[in-house]
1. Only residues that are part of a loop (DSSP other than H, G, I, E, B), over 32 Å from the mean Cα position of the chain (by Cα) and of a type in the set (D, E, K, R): list them for region 347-388, please.
2. Hey, could you check region 170-194 for residues that are modelled with pLDDT of 95 or more and within 15 Å of TRP256 (Cα to Cα) and say which is surrounded by the most Cβ atoms within 10 Å (Cβ to Cβ)?
3. For region 402-409, indicate whether the set of residues that are farther than 25 Å from SER367 by Cβ and in contact with a Gly (Cβ under 9 Å, 6 or more places away or on another chain) is non-empty.
4. Out of everything in region 417-475 that is among the β-branched types (Val, Ile, Thr) and assigned to a loop (DSSP other than H, G, I, E, B), what residue ends up being surrounded by the most Cβ atoms within 10 Å (Cβ to Cβ)?
5. Output the residue which, of all residues in region 376-394 that are of a type outside the set (A, V, I, L, M, F, W, C) and over 22 Å from VAL324 (Cβ atoms), is modelled with the highest pLDDT.
6. For the condition within 30 Å of VAL223 (Cα to Cα) and exposed (fewer than 14 other Cβ atoms within 10 Å of the Cβ), what is the one hit in GLY321, GLY285, GLY266?
7. Looking at region 208-240 only, could you name the residues that are more than 30 Å from GLY163 (Cα to Cα), in a strand (DSSP E or B) and in contact with a Gly (Cβ under 7 Å, 6 or more places away or on another chain)?
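The values are calculated or read from the model by the stated rules, or taken from the named source; none is laboratory data. Note that the structure is predicted; figures quoted are calculated from it, not measured. Methodologically, a virtual Cβ is constructed for each residue, glycine included, from the backbone with ideal geometry; neighbour enumeration extends over all protein chains shown.
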Amino acid sequence: MSTIEDRLTRALQARADQVQPEDLRPLEAPTAEVHWLRRPATYLVAAAACAGIIAAPFVLGVGDGDVHPRPPVGSQAAEPTLPPQEDVGGDWPIEFPTDPVDVDGDSVEDAVRIRQEPGKPLVGPRARIEVDLSASGDTVFGLVESFGVLVNVADVVDLDGDGDRELTIYRGDSDDSNGPETFAVLALVDGQLVEASQPDEPALTTGTVPAEDGRGRDSRVFVREGALYSYLSVDAFSGGEPLALPQTYPVEVTRWSLVDGALVPGEPDRQCVDHAATDPMTYDGLPIACLDGDGTAVPQLFPAAEATIGVGGSEDYELDGEPVTVTLERSRVVLTGAGPERSVPLPQGGEPVLFIDQLLVPGDELSLLVRQESGEFDELTVVTTFDGGFFAAEVPDGVLFGNGATDAGTYDTTIGADRTLYTRLLTDPDSQEYEVRSWTLGGTVAAGTAPPLQPLSQGCVRIDETLSPPTVQRC
């Protein structure tokens with residue numbers, strides 16, 4: 001069963017740079033080879049902003065002295081000659097020191113300074129990044145848009161194989177409503193630091209990318225083995241908070257390169273962020289191979305669970321190694337054993353039945369499905385233990401759950417043969433094609449609150465219900 005300690009462990013892994021005033025503490029440089037950065041949700045005060053930006057090099061490992069393998073120099077494209085730079089911002093203040101990094105590729109760290117344009121409420125809209133190149137003794141600089149908050153060097157990586165290392169610049173955001181700002185990437189070209197152009201998608205950003213119905217996709221930028229990557233979660237989740245994410249979810253991982261001054265994304269590769277199958281004390285939250293392989297396995301929809309108990313019935317289970325009993329009453333579900341009695345009220349509606357099969361969810365939680373007739377369709381409630389409590393899991397807005405009909409088609413929610421909770425939407429009656437989602441639990445920020453149900457896409461399947469049990473195959 002999840003504990004407050006488990007939730008805090010996930011918070012430290014998923015929100016290492018979400019700096020709030022109450023979170024400030026001395027920082028230590030990590031020894032891990034893989035570097036990463038999570039973007040702060042918002043800068044409430046200037047002090048928190050300064051602390052968050054100063055912390056970024058320690059989180060990412062900037063200046064760690066690692067020399068990563070470089071692609072062959074012959075792969076680089078010819079650089080065009082640039083016009084002279086206008087010397088802007090040389091007298092702007094330096095708000096905080098920046099760790100040195102090796103930009104010119106001579107294995108000697110170069111001094112870096114970040115000057116922020118003055119402005120209110122914190123700083124102005126631009127920042128000037130200066131580097132003293134150890135190889136030549138020259139000082140080079142470039143300008144980036146700062147969006148009115150402090151910026152910092154996240155990491156350096158050779159993206160085009162020319163021997164120099166590009167600077168990735170983390171930029172905060174003073175307005176969370178439009179999602180996080182993208183990283184800037186500065187390349188050393190003709191004695192200047194020039195910002196590389198980048199496509200709109202996928203966004204090179206860390207944070208929650210807005211999606212439909214107020215939900216968001218988890219995104220992250222990281223450096224692994226001398227290469228720049230980003231990922232975007234396949235599914236959109238509710239909550240807008242890293243701790244609301246499922247413990248395991250698939251992401252599309254993109255490797256980036258630099259060609260003729262433009263950032264170029266590679267083909268996305270499906271991997272998974274997996275807190276359930278990894279050691280929480282050592283896992284860095286970066287994508288690994290998915291336990292379900294390439295995700296093309298057919299979901300085990302049939303035979304669907306049918307065994308239930310009615311009002312007044314009870315069923316025995318095990319929770320945290322102790323026996324517990326679940327009893328179904330007309331207006332609530334009651335859990336006894338393993339501590340004081342706990343109960344979950346049920347919504348008003350028809351007489352409830354409780355499915356005996358325990359739902360498959362991460363961790364050791366006890367999760368069960370209750371069905372109530374409600375007019376033409378049924379009302380479904382997932383009751384679950386979580387962090388020592390007993391709750392009705394929150395159903396996200398804008399996602400089909402239960403059974404019913406919409407303009408898109410009819411839909412139904414059942415417990416599959418693998419004890420996974422599935423919702424299938426009929427999208428083509430002629431060919432009996434369905435879009436399928438499975439359901440898992442997310443986490444919570446505060447103790448004593450109900451966890452959210454989070455959907456995971458299982459893709460399109462064709463179902464032949466003329467057979468018993470029905471057969472399922474990919475579209």
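1. Those that are part of a loop (DSSP other than H, G, I, E, B), over 32 Å from the mean Cα position of the chain (by Cα) and of a type in the set (D, E, K, R): GLU351, GLU376.
2. PHE183
3. Pass one, region 402-409, residues farther than 25 Å from SER367 by Cβ: 405-409.
Next, only the ones that are in contact with a Gly (Cβ under 9 Å, 6 or more places away or on another chain) stay: none.
Within region 402-409, not a single residue is farther than 25 Å from SER367 by Cβ and in contact with a Gly (Cβ under 9 Å, 6 or more places away or on another chain).
4. At the first step, the residues of region 417-475 found to be among the β-branched types (Val, Ile, Thr) are 420, 423, 427, 436, 440, 444-445, 449, 461, 463, 466, 471-472.
Restricting the remaining residues to those that are assigned to a loop (DSSP other than H, G, I, E, B) gives 420, 444-445, 449, 466.
Values: THR420: 19, THR444: 22, VAL445: 13, THR449: 14, THR466: 8.
It comes out as THR444.
5. In the first step, residues of region 376-394 are kept if they are of a type outside the set (A, V, I, L, M, F, W, C); the result is 376, 378-379, 381, 384-385, 387-389, 394.
Next, only the ones that are over 22 Å from VAL324 (Cβ atoms) stay: 376, 378-379, 394.
Details: GLU376: 75, ASP378: 87, GLU379: 91, GLU394: 94.
Among residues in region 376-394 that are of a type outside the set (A, V, I, L, M, F, W, C) and over 22 Å from VAL324 (Cβ atoms), the one modelled with the highest pLDDT is GLU394.
6. Numbers: GLY321 fails: within 30 Å of VAL223 (Cα to Cα); GLY285 fails: exposed (fewer than 14 other Cβ atoms within 10 Å of the Cβ).
Just a single option satisfies the conditions, and that option is GLY266.
7. Those that are more than 30 Å from GLY163 (Cα to Cα), in a strand (DSSP E or B) and in contact with a Gly (Cβ under 7 Å, 6 or more places away or on another chain): THR208, VAL209, PRO210, GLY216, PHE237.
Every residue, every condition in (1) assigned to a loop (DSSP other than H, G, I, E, B); (2) surrounded by 24 or more Cβ atoms within 10 Å (Cβ to Cβ), yes or no:
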site: ALA111; (1), (2): no, no
site: ILE114; (1), (2): no, no
site: GLY119; (1), (2): yes, no
site: ARG128; (1), (2): no, no
site: GLY137; (1), (2): yes, no
site: PHE141; (1), (2): no, no
site: ASN152; (1), (2): no, yes
site: ASP155; (1), (2): no, yes
site: ASP162; (1), (2): yes, no
